[in-house]
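Asks: A single structure is presented below for examination.
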Amino acid sequence: MHFEIKYGKNLPKELKNIFKKAIDKYSEIIPTWCHVIYVKHEEPDEDGSPAHIVVQEKYREATITLSTTILSEEPKERIDRIILHELIHIAIDPLATVAQKIINKAIENDKLKVWAEGQLEEKEEAVIQDLLRIFKKYPPS
Ligand SMILES: [Zn+2]
């Protein structure tokens with residue numbers, strides 16, 4: 001693999017194994033600029049999402065947080081798809097970051113800025129879900 005994975009000490013073994021399997025399967029998605037992926041394990045956010053990611057292209061790293069509730073996801077294959085969703089975020093982050101920079105620079109009207117950011121987030125998530133569907137139909141060998 002062209003990147004390193006650093007697991008948090010509190011990550012349950014079962015979850016670590018699920019993540020390892022997923023990253024082996026989907027490692028080609030990770031762009032070469034990403035040198036390190038940190039995997040953290042924390043209480044879910046206020047929105048209760050099972051996972052989230054922070055990508056910092058300029059530091060060549062991404063931090064995936066798998067929530068303490070993720071292991072209760074059913075069916076179990078859903079965890080694999082949640083992880084894949086987060087990994088795709090890494091691949092499309094440069095585009096999302098540029099779009100955010102354009103919004104910041106070009107839009108002065110606060111209301112319009114909030115709307116544009118909402119659109120960006122919604123479309124980014126939708127594109128990822130579309131790509132997930134393609135991966136489900138044509139899984140990597
Ligand atoms: Zn997402």
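Asks: Read phi for every residue in region 23-28 and hand back ³J(HN,Hα) as whole Hz from Karplus 6.51 cos²θ - 1.76 cosθ + 1.60, θ = phi - 60°, with x for Gly and Pro.
Replies: 5, 5, 5, 10, 4, 5
Asks: If you place +1 on the Cβ of every Lys and Arg, -1 on the Cβ of every Asp and Glu, and leave all else neutral, what size is the dipole of region 20-141 about its Cα centre, to the nearest 20 Debye?
Replies: Computed charge dipole of region 20-141: roughly 520 debye.
Asks: Would you tally the net charge around Y26, using a Cβ to Cβ cut-off of less than 11 Å, leaving Y26 out, and scoring K and R as +1, D and E as -1?
Replies: Charge balance near Y26 sits at -1.
Asks: Considering only C-alpha atoms, what is the centroid distance from region 19-76 to region 77-141, in Å?
Replies: 14
Asks: When you take every Cα atom in the chain, what is the radius of gyration, and what is Dmax, the widest Cα pair distance, in Å?
Replies: Values for the chain (Cα only, Rg and Dmax): 15.8, 48 Å.
Asks: Whole-Hz ³J(HN,Hα) for each residue in region 113-123, computed from phi via Karplus 6.51 cos²θ - 1.76 cosθ + 1.60 with θ = phi - 60°, x for glycine and proline: what do you get?
Replies: 5, 4, 4, 5, 5, x, 4, 4, 5, 4, 6
Asks: While we're on this one: Ranked highest first by the average count of other Cβ atoms within 10 Å around their residues, in what order do 47-54, 5-12, 60-67, 107-114 fall?
Replies: 60-67, 47-54, 5-12, 107-114
Asks: Modelling each spin label as a point 7 Å along the Cα-to-Cβ direction, I'd like the E42/R60 distance in nm, to one decimal.
Replies: 2.5
Asks: Applying 1/(1 + (r/R0)^6) with R0 = 25 Å to the Cβ-Cβ distance of K137 and L71, what FRET efficiency is obtained, to the nearest 0.05?
Replies: The calculated FRET efficiency here is 0.40.
Asks: Still on this structure, I have one more. Among E42, E28, E77, which one shows the biggest mean-square fluctuation in a GNM of the chain, springs joining Cα atoms closer than 10 Å?
Replies: Among E42, E28, E77, the largest GNM mean-square fluctuation belongs to E77.
Asks: Using label points projected 7 Å from each Cα along Cα→Cβ, tell me how many nm separate E4 and T97, to one decimal.
Replies: 1.9
Asks: Percent antiparallel among DSSP beta bridges with both residues in the chain, to the nearest 5? List each step's numbers first, then the result.
Replies: Details: 6 of 17 bridges.
Given both bridge residues lie in the chain, the antiparallel proportion sits at roughly 35 percent.
Asks: Would you kindly derive the ³J(HN,Hα) couplings of region 12-21 from the backbone phi angles with the Karplus curve 6.51 cos²θ - 1.76 cosθ + 1.60 (θ = phi - 60°), listing them in order in whole Hz, with x for Gly and Pro?
Replies: For region 12-21, the Karplus-derived couplings read x, 4, 4, 5, 4, 5, 4, 5, 4, 4 Hz, x marking Gly and Pro.
Laboratory data are not the source of any read-out in this text; all were calculated from the coordinates shown. Treat the numbers as computed from the prediction; the structure is a model and nothing was measured. Please note: Cβ atoms are built from the backbone with ideal geometry, for glycine as well, and neighbour counts cover all protein chains shown.
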